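Here the structure is laid out as C-alpha coordinates; the discussion comes afterwards.
The values are calculated or read from the model by the stated rules, or taken from the named source; none is laboratory data. In this text the structure is predicted, and so the values were computed from the model without any measurement. Please note: Cβ atoms are built from the backbone with ideal geometry, for glycine as well, and neighbour counts cover all protein chains shown.
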Amino acid sequence: MSYYGSTDFSYNSDFNLRIRDIKKGNLDFGWLDNTRDKVEIRRRDARRGLALSDCEVGPYSIENSPEIVRDNRGLAPRGAILAEGSDQPDLGPTLNRKTDVWGYRVQSYWEEAMSRQWNVTTDVPWQDMDKYEIPDEVELAFCQLCTLLSEVEMIATDLPAKWSHHMNSYFQEVKGFIATQCVDEARHAEVFRKRALANGVGLLRASVRGEHALKGILEADSYSEGSVFLHVLGEGFILTLFRSSEFISPTPVEQRMFQLVMQDEARHVSYGLQHLRYLMDNCPEIRPQINGFLDEAERHLTGLFNPDQLESMIVLGGKGTSPECIKRGIEVVGAFQGKQIQEYFQRADRAGLPERRDRSPLLELQERMIGMIQAS
Amino acid sequence: MAIKFPSVEFFQELARRMEAKSAEFEKLGFCDTVMGVRVEGDTSHLYALTFDVFECSNVREISHAGDVELDFTLAAPRALWREMFESIQKHGQPEPGYTLNSLSHVGDRMEVVYDDPEGHDKFYRFMATLQAFVDLASDLEIEWV
Ligand SMILES: [Fe+2]
Ligand SMILES: [Fe+2]
(Lines give C-alpha, C1' and ligand atoms only; values in the text may rest on other atoms or scores of the structure.)
(Ligands and ions follow the chains in the order given, each with its own letter.)
Protein backbone atom coordinates (compact mmCIF):
# COMPACT_ATOMS: atom_id res chain seq x y z
CA MET A 1 0.00 0.00 0.00
CA SER A 2 1.53 3.31 -0.93
CA TYR A 3 -1.37 5.64 -0.21
CA TYR A 4 -2.67 6.09 3.31
CA GLY A 5 -5.50 8.63 3.44
CA SER A 6 -5.55 11.45 5.99
CA THR A 7 -8.59 9.89 7.67
CA ASP A 8 -9.14 6.24 8.49
CA PHE A 9 -12.87 6.11 7.89
CA SER A 10 -13.17 2.58 9.25
CA TYR A 11 -12.22 3.87 12.74
CA ASN A 12 -13.83 7.30 12.47
CA SER A 13 -16.54 7.44 15.14
CA ASP A 14 -18.49 10.36 13.54
CA PHE A 15 -18.64 8.45 10.29
CA ASN A 16 -19.66 5.20 11.96
CA LEU A 17 -22.36 6.91 14.01
CA ARG A 18 -23.73 8.61 10.92
CA ILE A 19 -23.93 5.32 9.02
CA ARG A 20 -25.69 3.68 11.94
CA ASP A 21 -28.15 6.55 12.02
CA ILE A 22 -28.85 6.28 8.30
CA LYS A 23 -29.50 2.57 8.65
CA LYS A 24 -32.13 3.44 11.26
CA GLY A 25 -33.86 5.48 8.58
CA ASN A 26 -32.67 8.95 9.65
CA LEU A 27 -31.75 10.38 6.25
CA ASP A 28 -30.83 14.09 6.17
CA PHE A 29 -30.67 14.56 2.37
CA GLY A 30 -27.64 16.83 2.74
CA TRP A 31 -26.44 15.72 -0.70
CA LEU A 32 -29.37 17.63 -2.18
CA ASP A 33 -28.39 20.95 -0.56
CA ASN A 34 -26.76 22.49 -3.61
CA THR A 35 -28.52 20.74 -6.48
CA ARG A 36 -28.25 22.52 -9.76
CA ASP A 37 -31.08 23.82 -11.90
CA LYS A 38 -32.65 21.19 -14.11
CA VAL A 39 -31.09 20.91 -17.54
CA GLU A 40 -32.89 20.32 -20.78
CA ILE A 41 -31.41 17.49 -22.79
CA ARG A 42 -32.60 16.99 -26.33
CA ARG A 43 -31.71 14.05 -28.55
CA ARG A 44 -30.79 15.83 -31.75
CA ASP A 45 -30.96 12.73 -33.92
CA ALA A 46 -33.00 9.78 -32.69
CA ARG A 47 -31.05 7.38 -34.91
CA ARG A 48 -27.92 8.14 -32.90
CA GLY A 49 -29.56 7.57 -29.53
CA LEU A 50 -28.40 9.95 -26.80
CA ALA A 51 -25.09 11.39 -27.95
CA LEU A 52 -22.44 12.94 -25.71
CA SER A 53 -22.81 16.16 -27.65
CA ASP A 54 -26.52 16.22 -26.66
CA CYS A 55 -25.34 16.42 -23.05
CA GLU A 56 -23.16 19.49 -23.63
CA VAL A 57 -25.39 21.85 -21.69
CA GLY A 58 -24.92 24.44 -18.95
CA PRO A 59 -22.34 23.56 -16.29
CA TYR A 60 -21.78 20.17 -17.92
CA SER A 61 -20.50 21.64 -21.13
CA ILE A 62 -16.79 21.85 -21.96
CA GLU A 63 -17.50 25.28 -23.48
CA ASN A 64 -18.50 26.53 -20.07
CA SER A 65 -15.50 25.17 -18.23
CA PRO A 66 -12.45 27.33 -17.67
CA GLU A 67 -9.40 26.95 -19.87
CA ILE A 68 -7.43 25.85 -16.82
CA VAL A 69 -9.18 23.58 -14.34
CA ARG A 70 -8.15 24.64 -10.86
CA ASP A 71 -11.05 23.56 -8.67
CA ASN A 72 -10.97 19.85 -9.39
CA ARG A 73 -7.90 17.67 -8.91
CA GLY A 74 -9.73 14.46 -8.12
CA LEU A 75 -12.09 12.17 -9.96
CA ALA A 76 -15.18 14.36 -10.15
CA PRO A 77 -16.85 14.39 -13.55
CA ARG A 78 -17.36 17.81 -15.17
CA GLY A 79 -20.47 19.38 -13.69
CA ALA A 80 -20.48 17.49 -10.37
CA ILE A 81 -20.74 19.52 -7.17
CA LEU A 82 -17.44 19.57 -5.31
CA ALA A 83 -17.02 19.56 -1.55
CA GLU A 84 -16.30 22.91 0.07
CA GLY A 85 -12.69 23.73 0.89
CA SER A 86 -10.02 21.20 0.10
CA ASP A 87 -11.83 18.03 1.11
CA GLN A 88 -11.68 16.44 -2.35
CA PRO A 89 -8.46 14.45 -2.57
CA ASP A 90 -5.75 15.63 -4.91
CA LEU A 91 -4.91 12.83 -7.37
CA GLY A 92 -2.20 14.95 -8.91
CA PRO A 93 -3.38 15.40 -12.50
CA THR A 94 -0.71 17.19 -14.52
CA LEU A 95 -2.82 17.90 -17.61
CA ASN A 96 -5.21 20.53 -16.34
CA ARG A 97 -5.30 22.94 -19.25
CA LYS A 98 -7.73 22.31 -22.06
CA THR A 99 -5.06 22.79 -24.70
CA ASP A 100 -3.04 19.98 -23.05
CA VAL A 101 -5.44 17.34 -24.32
CA TRP A 102 -8.55 18.68 -26.02
CA GLY A 103 -9.30 18.29 -29.72
CA TYR A 104 -12.09 19.63 -31.91
CA ARG A 105 -15.04 17.21 -32.20
CA VAL A 106 -13.65 14.78 -29.67
CA GLN A 107 -17.19 13.80 -28.58
CA SER A 108 -18.01 12.62 -32.08
CA TYR A 109 -14.83 10.51 -32.26
CA TRP A 110 -15.95 8.81 -29.06
CA GLU A 111 -19.37 8.02 -30.55
CA GLU A 112 -17.79 6.79 -33.78
CA ALA A 113 -15.35 4.59 -31.86
CA MET A 114 -18.12 3.07 -29.77
CA SER A 115 -20.35 2.33 -32.75
CA ARG A 116 -17.60 0.98 -35.03
CA GLN A 117 -16.05 -1.60 -32.70
CA TRP A 118 -15.42 -5.03 -34.19
CA ASN A 119 -14.23 -8.41 -33.03
CA VAL A 120 -11.13 -10.17 -34.32
CA THR A 121 -12.44 -13.59 -33.36
CA THR A 122 -15.69 -13.32 -35.33
CA ASP A 123 -15.42 -10.48 -37.89
CA VAL A 124 -12.39 -11.71 -39.85
CA PRO A 125 -13.37 -14.57 -42.19
CA TRP A 126 -10.82 -17.01 -40.74
CA GLN A 127 -12.90 -19.89 -42.08
CA ASP A 128 -11.95 -18.79 -45.64
CA MET A 129 -8.21 -19.18 -45.08
CA ASP A 130 -8.24 -22.78 -46.28
CA LYS A 131 -9.66 -21.68 -49.63
CA TYR A 132 -6.44 -19.99 -50.69
CA GLU A 133 -2.95 -21.23 -51.43
CA ILE A 134 -0.25 -18.74 -50.42
CA PRO A 135 3.34 -19.26 -51.67
CA ASP A 136 5.76 -19.94 -48.80
CA GLU A 137 7.89 -16.83 -49.36
CA VAL A 138 4.81 -14.62 -49.39
CA GLU A 139 3.48 -16.20 -46.19
CA LEU A 140 6.86 -15.73 -44.49
CA ALA A 141 6.99 -12.09 -45.57
CA PHE A 142 3.46 -11.55 -44.31
CA CYS A 143 4.33 -13.02 -40.91
CA GLN A 144 7.40 -10.78 -40.68
CA LEU A 145 5.15 -7.79 -41.36
CA CYS A 146 2.68 -9.00 -38.71
CA THR A 147 5.56 -9.18 -36.22
CA LEU A 148 6.53 -5.53 -36.70
CA LEU A 149 2.89 -4.44 -36.67
CA SER A 150 2.37 -6.26 -33.36
CA GLU A 151 5.24 -4.26 -31.87
CA VAL A 152 3.74 -1.03 -33.19
CA GLU A 153 0.36 -1.87 -31.66
CA MET A 154 1.94 -2.46 -28.26
CA ILE A 155 3.21 1.10 -28.08
CA ALA A 156 -0.03 2.47 -29.46
CA THR A 157 -1.84 0.75 -26.56
CA ASP A 158 0.66 1.89 -23.95
CA LEU A 159 0.98 5.57 -24.90
CA PRO A 160 -2.68 6.53 -24.31
CA ALA A 161 -2.79 4.27 -21.24
CA LYS A 162 0.29 6.01 -19.85
CA TRP A 163 -1.24 9.48 -20.07
CA SER A 164 -4.87 8.84 -19.15
CA HIS A 165 -4.56 9.20 -15.37
CA HIS A 166 -2.53 12.40 -15.76
CA MET A 167 -5.54 14.06 -17.40
CA ASN A 168 -7.91 16.09 -15.29
CA SER A 169 -11.18 14.20 -14.93
CA TYR A 170 -13.05 17.19 -16.42
CA PHE A 171 -11.63 16.08 -19.77
CA GLN A 172 -13.68 12.91 -19.62
CA GLU A 173 -14.29 12.71 -23.38
CA VAL A 174 -10.57 12.67 -24.16
CA LYS A 175 -9.90 10.10 -21.45
CA GLY A 176 -12.75 8.06 -22.88
CA PHE A 177 -11.56 8.40 -26.45
CA ILE A 178 -8.03 7.31 -25.65
CA ALA A 179 -9.48 4.39 -23.68
CA THR A 180 -11.22 3.32 -26.91
CA GLN A 181 -7.88 3.69 -28.61
CA CYS A 182 -6.31 1.30 -26.10
CA VAL A 183 -8.99 -1.27 -26.91
CA ASP A 184 -8.57 -0.68 -30.66
CA GLU A 185 -4.81 -1.14 -30.45
CA ALA A 186 -5.12 -4.22 -28.25
CA ARG A 187 -7.45 -5.62 -30.92
CA HIS A 188 -4.89 -4.80 -33.63
CA ALA A 189 -2.15 -6.62 -31.71
CA GLU A 190 -4.58 -9.54 -31.42
CA VAL A 191 -5.37 -9.66 -35.14
CA PHE A 192 -1.70 -9.57 -36.21
CA ARG A 193 -0.75 -12.24 -33.68
CA LYS A 194 -3.60 -14.50 -34.75
CA ARG A 195 -2.85 -14.05 -38.44
CA ALA A 196 0.86 -14.77 -38.00
CA LEU A 197 0.03 -18.01 -36.24
CA ALA A 198 -3.00 -19.03 -38.32
CA ASN A 199 -1.05 -20.67 -41.16
CA GLY A 200 1.59 -22.16 -38.90
CA VAL A 201 4.55 -19.87 -39.63
CA GLY A 202 4.15 -17.76 -36.50
CA LEU A 203 5.87 -14.57 -35.45
CA LEU A 204 9.31 -13.84 -36.87
CA ARG A 205 12.03 -11.33 -35.99
CA ALA A 206 11.36 -8.48 -33.56
CA SER A 207 12.77 -5.18 -34.75
CA VAL A 208 15.65 -3.45 -32.96
CA ARG A 209 15.43 -0.20 -34.97
CA GLY A 210 11.66 -0.25 -34.92
CA GLU A 211 11.51 -0.62 -31.16
CA HIS A 212 13.98 2.26 -30.68
CA ALA A 213 11.67 4.42 -32.80
CA LEU A 214 8.65 3.34 -30.79
CA LYS A 215 10.42 4.00 -27.49
CA GLY A 216 10.71 7.64 -28.58
CA ILE A 217 6.91 7.84 -28.69
CA LEU A 218 6.47 6.44 -25.22
CA GLU A 219 9.17 8.67 -23.74
CA ALA A 220 7.79 11.97 -25.06
CA ASP A 221 7.91 14.64 -22.35
CA SER A 222 4.35 15.83 -22.66
CA TYR A 223 1.04 14.37 -23.78
CA SER A 224 0.88 16.73 -26.75
CA GLU A 225 4.33 15.67 -27.91
CA GLY A 226 3.39 12.01 -27.46
CA SER A 227 0.13 12.62 -29.31
CA VAL A 228 1.67 14.44 -32.26
CA PHE A 229 4.30 11.70 -32.53
CA LEU A 230 1.89 8.80 -32.15
CA HIS A 231 -1.39 10.04 -33.64
CA VAL A 232 -0.29 12.39 -36.40
CA LEU A 233 3.15 11.20 -37.42
CA GLY A 234 3.30 7.52 -36.44
CA GLU A 235 -0.29 6.48 -37.02
CA GLY A 236 -0.48 8.61 -40.15
CA PHE A 237 2.40 6.52 -41.50
CA ILE A 238 0.84 3.32 -40.22
CA LEU A 239 -2.50 4.21 -41.82
CA THR A 240 -0.78 4.38 -45.20
CA LEU A 241 1.08 1.18 -44.35
CA PHE A 242 -2.27 -0.51 -43.62
CA ARG A 243 -3.64 0.78 -46.93
CA SER A 244 -0.58 -0.65 -48.64
CA SER A 245 -0.91 -3.89 -46.75
CA GLU A 246 -4.52 -4.20 -47.91
CA PHE A 247 -3.29 -3.55 -51.45
CA ILE A 248 -0.61 -6.26 -51.26
CA SER A 249 -2.56 -8.71 -49.11
CA PRO A 250 -2.22 -12.27 -50.34
CA THR A 251 -5.95 -13.09 -49.97
CA PRO A 252 -9.34 -11.47 -49.19
CA VAL A 253 -8.97 -12.61 -45.57
CA GLU A 254 -6.01 -10.27 -44.97
CA GLN A 255 -7.74 -7.57 -46.99
CA ARG A 256 -10.72 -7.69 -44.67
CA MET A 257 -8.39 -7.52 -41.69
CA PHE A 258 -6.70 -4.39 -43.01
CA GLN A 259 -10.00 -2.73 -44.01
CA LEU A 260 -11.09 -3.05 -40.40
CA VAL A 261 -7.84 -1.94 -38.76
CA MET A 262 -7.46 1.05 -41.10
CA GLN A 263 -10.82 2.42 -39.92
CA ASP A 264 -9.65 2.52 -36.31
CA GLU A 265 -6.29 3.92 -37.31
CA ALA A 266 -7.81 6.74 -39.35
CA ARG A 267 -9.97 7.68 -36.36
CA HIS A 268 -6.89 7.90 -34.13
CA VAL A 269 -5.14 10.04 -36.74
CA SER A 270 -8.19 12.32 -36.94
CA TYR A 271 -8.28 12.85 -33.16
CA GLY A 272 -4.53 13.59 -33.17
CA LEU A 273 -4.96 16.09 -35.97
CA GLN A 274 -7.80 17.81 -34.09
CA HIS A 275 -5.75 17.94 -30.89
CA LEU A 276 -2.80 19.44 -32.72
CA ARG A 277 -5.07 21.97 -34.44
CA TYR A 278 -6.70 22.92 -31.15
CA LEU A 279 -3.29 23.29 -29.57
CA MET A 280 -1.88 25.45 -32.37
CA ASP A 281 -5.03 27.61 -32.44
CA ASN A 282 -5.15 28.19 -28.70
CA CYS A 283 -1.55 27.94 -27.58
CA PRO A 284 0.53 29.26 -30.50
CA GLU A 285 3.52 29.89 -28.24
CA ILE A 286 4.11 26.13 -28.21
CA ARG A 287 5.03 26.09 -31.92
CA PRO A 288 8.85 26.14 -31.46
CA GLN A 289 8.66 23.34 -28.91
CA ILE A 290 6.49 21.13 -31.15
CA ASN A 291 8.70 21.85 -34.15
CA GLY A 292 11.87 21.04 -32.22
CA PHE A 293 10.27 17.84 -31.01
CA LEU A 294 9.13 16.83 -34.50
CA ASP A 295 12.61 17.48 -35.96
CA GLU A 296 13.81 14.65 -33.77
CA ALA A 297 10.65 12.50 -33.89
CA GLU A 298 10.70 12.38 -37.70
CA ARG A 299 14.28 11.09 -37.58
CA HIS A 300 13.28 8.56 -34.97
CA LEU A 301 10.38 7.32 -37.06
CA THR A 302 12.61 6.14 -39.87
CA GLY A 303 13.46 3.24 -37.55
CA LEU A 304 10.16 1.78 -38.67
CA PHE A 305 11.61 1.45 -42.17
CA ASN A 306 13.91 -1.26 -40.91
CA PRO A 307 15.43 -3.73 -43.37
CA ASP A 308 13.30 -6.70 -42.27
CA GLN A 309 10.10 -4.74 -42.75
CA LEU A 310 11.22 -3.22 -46.06
CA GLU A 311 12.21 -6.59 -47.47
CA SER A 312 9.00 -8.26 -46.38
CA MET A 313 6.93 -5.43 -47.90
CA ILE A 314 8.91 -5.76 -51.14
CA VAL A 315 8.26 -9.51 -51.29
CA LEU A 316 4.56 -8.91 -50.60
CA GLY A 317 4.36 -6.02 -53.06
CA GLY A 318 5.97 -8.05 -55.82
CA LYS A 319 4.23 -11.28 -54.74
CA GLY A 320 7.42 -13.32 -54.74
CA THR A 321 11.20 -13.36 -54.71
CA SER A 322 12.09 -13.64 -58.40
CA PRO A 323 14.07 -10.65 -59.77
CA GLU A 324 10.95 -9.37 -61.58
CA CYS A 325 8.86 -9.71 -58.44
CA ILE A 326 11.45 -7.84 -56.40
CA LYS A 327 11.64 -5.08 -59.00
CA ARG A 328 7.89 -4.68 -58.90
CA GLY A 329 7.91 -4.83 -55.09
CA ILE A 330 10.46 -2.00 -54.90
CA GLU A 331 8.24 0.16 -57.09
CA VAL A 332 5.21 -0.51 -54.91
CA VAL A 333 7.08 0.24 -51.67
CA GLY A 334 8.66 3.39 -53.12
CA ALA A 335 5.24 4.67 -54.20
CA PHE A 336 3.60 4.18 -50.84
CA GLN A 337 6.50 5.68 -48.89
CA GLY A 338 6.18 8.83 -50.96
CA LYS A 339 2.47 8.88 -50.14
CA GLN A 340 3.13 8.45 -46.43
CA ILE A 341 5.34 11.50 -46.35
CA GLN A 342 3.11 13.71 -48.51
CA GLU A 343 0.00 12.84 -46.50
CA TYR A 344 1.86 13.64 -43.28
CA PHE A 345 2.81 17.07 -44.63
CA GLN A 346 -0.81 17.70 -45.64
CA ARG A 347 -1.99 16.86 -42.13
CA ALA A 348 0.70 19.03 -40.56
CA ASP A 349 -0.41 21.82 -42.88
CA ARG A 350 -4.03 21.42 -41.85
CA ALA A 351 -3.09 21.44 -38.18
CA GLY A 352 -1.25 24.72 -38.64
CA LEU A 353 2.34 23.53 -39.03
CA PRO A 354 3.04 24.15 -42.75
CA GLU A 355 6.75 24.61 -41.96
CA ARG A 356 7.18 20.86 -41.50
CA ARG A 357 7.47 20.53 -45.26
CA ASP A 358 10.64 22.65 -45.27
CA ARG A 359 12.24 21.65 -42.03
CA SER A 360 11.50 17.93 -42.07
CA PRO A 361 14.35 15.49 -42.66
CA LEU A 362 11.89 12.91 -44.02
CA LEU A 363 12.21 13.57 -47.73
CA GLU A 364 15.98 13.43 -47.66
CA LEU A 365 15.97 10.29 -45.52
CA GLN A 366 13.48 8.65 -47.85
CA GLU A 367 15.57 9.48 -50.89
CA ARG A 368 18.66 7.98 -49.27
CA MET A 369 16.82 4.80 -48.27
CA ILE A 370 15.07 4.18 -51.57
CA GLY A 371 18.36 4.90 -53.31
CA MET A 372 19.99 2.27 -51.14
CA ILE A 373 17.36 -0.37 -51.93
CA GLN A 374 17.51 0.36 -55.62
CA ALA A 375 21.30 0.13 -55.62
CA SER A 376 21.15 -3.26 -53.90
CA MET B 1 -35.31 -4.44 -64.78
CA ALA B 2 -31.75 -3.34 -65.54
CA ILE B 3 -30.51 -0.12 -64.00
CA LYS B 4 -28.26 2.17 -66.01
CA PHE B 5 -24.71 2.89 -64.89
CA PRO B 6 -23.82 5.65 -64.41
CA SER B 7 -27.03 7.20 -63.12
CA VAL B 8 -28.59 8.65 -59.99
CA GLU B 9 -30.98 5.69 -60.00
CA PHE B 10 -28.06 3.27 -59.74
CA PHE B 11 -26.80 4.81 -56.51
CA GLN B 12 -30.34 5.28 -55.22
CA GLU B 13 -30.86 1.56 -55.67
CA LEU B 14 -27.72 0.86 -53.63
CA ALA B 15 -29.05 3.28 -50.97
CA ARG B 16 -32.37 1.42 -50.95
CA ARG B 17 -30.56 -1.90 -50.53
CA MET B 18 -28.49 -0.40 -47.71
CA GLU B 19 -31.67 0.48 -45.87
CA ALA B 20 -33.04 -3.00 -46.49
CA LYS B 21 -29.91 -4.48 -44.91
CA SER B 22 -29.97 -2.17 -41.92
CA ALA B 23 -28.74 -4.79 -39.45
CA GLU B 24 -25.52 -5.30 -41.43
CA PHE B 25 -24.83 -1.58 -41.65
CA GLU B 26 -25.76 -0.89 -38.03
CA LYS B 27 -23.17 -3.48 -37.03
CA LEU B 28 -20.54 -1.62 -39.07
CA GLY B 29 -21.41 1.56 -37.16
CA PHE B 30 -22.08 5.25 -37.72
CA CYS B 31 -20.95 6.50 -41.11
CA ASP B 32 -21.05 10.26 -41.64
CA THR B 33 -19.50 11.52 -44.82
CA VAL B 34 -20.32 13.05 -48.18
CA MET B 35 -18.57 11.06 -50.87
CA GLY B 36 -18.18 12.13 -54.47
CA VAL B 37 -18.18 9.53 -57.26
CA ARG B 38 -16.84 10.75 -60.57
CA VAL B 39 -17.35 8.58 -63.63
CA GLU B 40 -15.09 9.83 -66.38
CA GLY B 41 -15.81 9.33 -70.06
CA ASP B 42 -16.98 11.21 -73.15
CA THR B 43 -19.57 12.68 -70.85
CA SER B 44 -18.40 12.70 -67.27
CA HIS B 45 -20.75 12.46 -64.31
CA LEU B 46 -20.26 13.47 -60.71
CA TYR B 47 -22.52 12.15 -57.94
CA ALA B 48 -22.67 13.29 -54.33
CA LEU B 49 -23.61 10.51 -51.90
CA THR B 50 -24.49 11.59 -48.38
CA PHE B 51 -23.96 8.94 -45.73
CA ASP B 52 -25.65 9.74 -42.51
CA VAL B 53 -25.68 7.51 -39.39
CA PHE B 54 -26.57 4.10 -40.91
CA GLU B 55 -27.95 5.11 -44.29
CA CYS B 56 -27.18 6.76 -47.58
CA SER B 57 -29.73 9.53 -47.18
CA ASN B 58 -29.16 11.49 -50.37
CA VAL B 59 -27.88 10.89 -53.89
CA ARG B 60 -27.54 13.77 -56.34
CA GLU B 61 -25.83 14.40 -59.61
CA ILE B 62 -23.92 17.66 -59.49
CA SER B 63 -22.20 19.62 -62.21
CA HIS B 64 -19.23 20.92 -60.20
CA ALA B 65 -17.38 19.57 -57.20
CA GLY B 66 -17.95 22.91 -55.44
CA ASP B 67 -21.77 22.57 -55.61
CA VAL B 68 -21.74 20.31 -52.56
CA GLU B 69 -19.16 20.09 -49.80
CA LEU B 70 -17.58 16.74 -50.61
CA ASP B 71 -15.21 15.14 -48.10
CA PHE B 72 -13.47 13.27 -50.90
CA THR B 73 -14.21 12.06 -54.41
CA LEU B 74 -13.37 8.73 -55.99
CA ALA B 75 -12.64 9.44 -59.64
CA ALA B 76 -12.09 6.80 -62.29
CA PRO B 77 -12.82 6.15 -65.95
CA ARG B 78 -16.16 4.55 -66.65
CA ALA B 79 -14.38 1.35 -67.79
CA LEU B 80 -12.70 0.93 -64.41
CA TRP B 81 -15.96 1.38 -62.49
CA ARG B 82 -17.42 -1.28 -64.77
CA GLU B 83 -14.52 -3.65 -64.11
CA MET B 84 -14.95 -3.11 -60.38
CA PHE B 85 -18.69 -3.81 -60.39
CA GLU B 86 -18.23 -6.81 -62.70
CA SER B 87 -15.63 -8.21 -60.31
CA ILE B 88 -18.09 -7.78 -57.42
CA GLN B 89 -20.81 -9.46 -59.47
CA LYS B 90 -18.62 -12.39 -60.39
CA HIS B 91 -17.65 -13.29 -56.83
CA GLY B 92 -20.16 -11.55 -54.60
CA GLN B 93 -17.26 -9.47 -53.37
CA PRO B 94 -14.42 -7.79 -55.26
CA GLU B 95 -11.33 -9.71 -56.29
CA PRO B 96 -8.27 -8.50 -54.35
CA GLY B 97 -7.26 -5.87 -56.92
CA TYR B 98 -10.77 -4.39 -57.05
CA THR B 99 -11.50 -3.27 -53.51
CA LEU B 100 -12.01 0.49 -53.17
CA ASN B 101 -8.75 0.75 -51.24
CA SER B 102 -6.70 -1.30 -53.70
CA LEU B 103 -8.02 0.60 -56.70
CA SER B 104 -7.23 3.94 -55.13
CA HIS B 105 -3.86 3.21 -53.56
CA VAL B 106 -0.66 2.49 -55.43
CA GLY B 107 -0.88 3.06 -59.16
CA ASP B 108 -3.78 5.47 -58.69
CA ARG B 109 -6.09 3.72 -61.10
CA MET B 110 -8.84 5.35 -59.13
CA GLU B 111 -7.97 8.80 -57.87
CA VAL B 112 -8.96 10.04 -54.42
CA VAL B 113 -9.54 13.77 -54.86
CA TYR B 114 -9.75 15.96 -51.77
CA ASP B 115 -8.97 19.46 -50.57
CA ASP B 116 -8.87 18.76 -46.89
CA PRO B 117 -6.95 15.88 -45.27
CA GLU B 118 -9.72 15.64 -42.65
CA GLY B 119 -12.20 14.83 -45.39
CA HIS B 120 -9.71 12.46 -47.00
CA ASP B 121 -9.29 10.47 -43.78
CA LYS B 122 -13.05 9.83 -43.72
CA PHE B 123 -12.59 7.52 -46.69
CA TYR B 124 -10.50 5.28 -44.42
CA ARG B 125 -12.57 5.82 -41.26
CA PHE B 126 -15.63 4.44 -43.02
CA MET B 127 -13.94 2.02 -45.42
CA ALA B 128 -15.84 -1.13 -44.38
CA THR B 129 -19.20 0.63 -44.80
CA LEU B 130 -18.31 2.15 -48.16
CA GLN B 131 -17.00 -1.20 -49.42
CA ALA B 132 -20.16 -2.96 -48.22
CA PHE B 133 -22.20 -0.25 -49.99
CA VAL B 134 -20.64 -0.87 -53.41
CA ASP B 135 -20.77 -4.64 -52.81
CA LEU B 136 -24.57 -4.29 -52.73
CA ALA B 137 -24.41 -4.22 -56.54
CA SER B 138 -23.38 -7.89 -56.54
CA ASP B 139 -26.71 -9.11 -57.92
CA LEU B 140 -27.96 -5.95 -59.56
CA GLU B 141 -28.81 -6.09 -63.24
CA ILE B 142 -26.78 -3.29 -64.76
CA GLU B 143 -27.06 -1.67 -68.17
CA TRP B 144 -23.70 -0.13 -69.04
CA VAL B 145 -24.25 3.12 -70.90
FE1 LIG C 1 -3.28 0.23 -34.36
FE1 LIG D 1 -3.97 3.47 -33.85
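Restricting A:235, A:254 to those that are in a helix (DSSP H, G or I) and away from ligand 2 (no atom under 13 Å from the Cβ) reduces the list to A:254. Every condition in (1) more than 8 Å from chain B (Cβ to nearest Cβ); (2) within 16 Å of ligand 1 (Cβ to nearest atom) holds for residue A:295 except the one numbered (2).
One residue alone among A:73, A:43 is touching a Leu at 6+ places or on another chain (Cβ under 8 Å), assigned to a loop (DSSP other than H, G, I, E, B) and under 30 Å from residue B:121 (Cα atoms), and that residue is A:43.
The sole residue among A:179, A:206, A:186, A:196 that is free of Cβ contacts under 8 Å to residues at least 60 places away in the same chain, more than 16 Å from ligand 1 (Cβ to nearest atom), more than 14 Å from every other protein chain (Cβ to nearest Cβ) and of a type outside the set (Val, Ile, Thr) is A:206. Within region B:115-138, the set of residues being more than 9 Å from chain A (Cβ to nearest Cβ) and not charged (D, E, K, R) comprises B:119, B:130, B:132, B:133, B:134, B:136, B:137, B:138.
Would region A:147-162 turn up any residue that is away from ligand 1 (no atom under 13 Å from the Cβ) and more than 30 Å from residue A:325 (Cβ to Cβ)? Yes, region A:147-162 contains a residue that is away from ligand 1 (no atom under 13 Å from the Cβ) and more than 30 Å from residue A:325 (Cβ to Cβ). Among the residues of region A:220-232, those that are within 14 Å of ligand 2 (Cβ to nearest atom) and not hydrophobic (A, V, I, L, M, F, W, C) comprise A:226, A:227, A:231. Inspection of region A:167-174 identifies no residue that is within 28 Å of residue A:127 (Cα to Cα) and more than 10 Å from ligand 1 (Cβ to nearest atom).
Search region B:1-55 for residues being of a type in the set (Asp, Glu) and under 17 Å from residue B:130 (Cα atoms), and hand back the single one that is farthest from the other protein chains (Cβ to nearest Cβ). Ranking the candidates gives B:13 first.
Inclusion of residue A:114 among residues that are closer than 26 Å to residue B:28 by Cβ, among the aliphatic types (A, V, I, L, M) and over 16 Å from the mean Cα position of the chain (by Cα) is not warranted. Just to be sure, is residue A:49 loosely packed, with under 13 Cβ neighbours inside 10 Å, within 14 Å of another protein chain (Cβ to nearest Cβ), small (Gly, Ala, Ser) and within 30 Å of residue B:54 (Cα to Cα)? Here the answer is yes, as residue A:49 does meet what is asked. Just to verify a result, which residue in region A:96-111, among those that are part of a loop (DSSP other than H, G, I, E, B) and under 15 Å from the mean Cα position of the chain (by Cα), is farthest from the other protein chains (Cβ to nearest Cβ)? Only one residue fits best here, namely A:102.
Listed by position, the helices (runs of 4 or more DSSP H) contained in region B:57-135 that have at least 2 residues being crowded, with 18+ Cβ neighbours inside 10 Å, touching a residue at least 40 places away in the same chain (Cβ under 8 Å) and out of contact with any Leu (no Cβ under 7 Å at 6 or more places or on another chain) are B:78-91, B:117-125. The residue of region B:42-51 that is surrounded by the fewest Cβ atoms within 10 Å (Cβ to Cβ), among those that are out of contact with any Cys (no Cβ under 8 Å at 6 or more places or on another chain) and modelled with pLDDT of 95 or more, is B:44. Would you be able to say whether some residue in region A:281-289 is within 16 Å of ligand 2 (Cβ to nearest atom), among the hydrophobic types (A, V, I, L, M, F, W, C) and away from chain B (no Cβ under 14 Å)? Checked region A:281-289: no residue is within 16 Å of ligand 2 (Cβ to nearest atom), among the hydrophobic types (A, V, I, L, M, F, W, C) and away from chain B (no Cβ under 14 Å).
The single condition among (1) over 30 Å from residue A:48 (Cβ atoms); (2) of a type outside the set (Gly, Ala, Ser); (3) within 14 Å of chain A (Cβ to nearest Cβ) that residue B:141 does not meet is (3). Determine if region A:264-273 includes at least one residue that is of a type in the set (A, V, I, L, M, F, W, C) and either part of a loop (DSSP other than H, G, I, E, B) or farther than 16 Å from residue A:232 by Cβ (or both). Checked region A:264-273: no residue is of a type in the set (A, V, I, L, M, F, W, C) and either part of a loop (DSSP other than H, G, I, E, B) or farther than 16 Å from residue A:232 by Cβ (or both). The listed residues are A:136, A:90, and the only one of them that is surrounded by fewer than 14 Cβ atoms within 10 Å (Cβ to Cβ), at pLDDT below 95 and not aromatic (Phe, Trp, Tyr) turns out to be A:90. Among residues that are within 14 Å of chain B (Cβ to nearest Cβ) and either closer than 30 Å to residue A:317 by Cα or within 11 Å of ligand 1 (Cβ to nearest atom) (or both), residue A:232 is included.
What do you reckon, is residue A:340 polar (S, T, N, Q), in contact (Cβ under 8 Å) with a residue 60 or more places away in the chain and within 14 Å of another protein chain (Cβ to nearest Cβ)? Yes, satisfied. Residue count for region A:326-340 satisfying the condition of being of a type in the set (A, V, I, L, M, F, W, C) and surrounded by fewer than 19 Cβ atoms within 10 Å (Cβ to Cβ): 2.
When region A:212-229 is limited to residues that are within 16 Å of ligand 1 (Cβ to nearest atom) and at pLDDT below 95, the one that is farthest from the other protein chains (Cβ to nearest Cβ) turns out to be A:218. Taken together, the residues in region B:93-111 that are at the interface with chain A (Cβ under 9 Å from one of its Cβ atoms) and touching a strand residue (DSSP E or B) at 6+ places or on another chain (Cβ under 6 Å) amount to 1.
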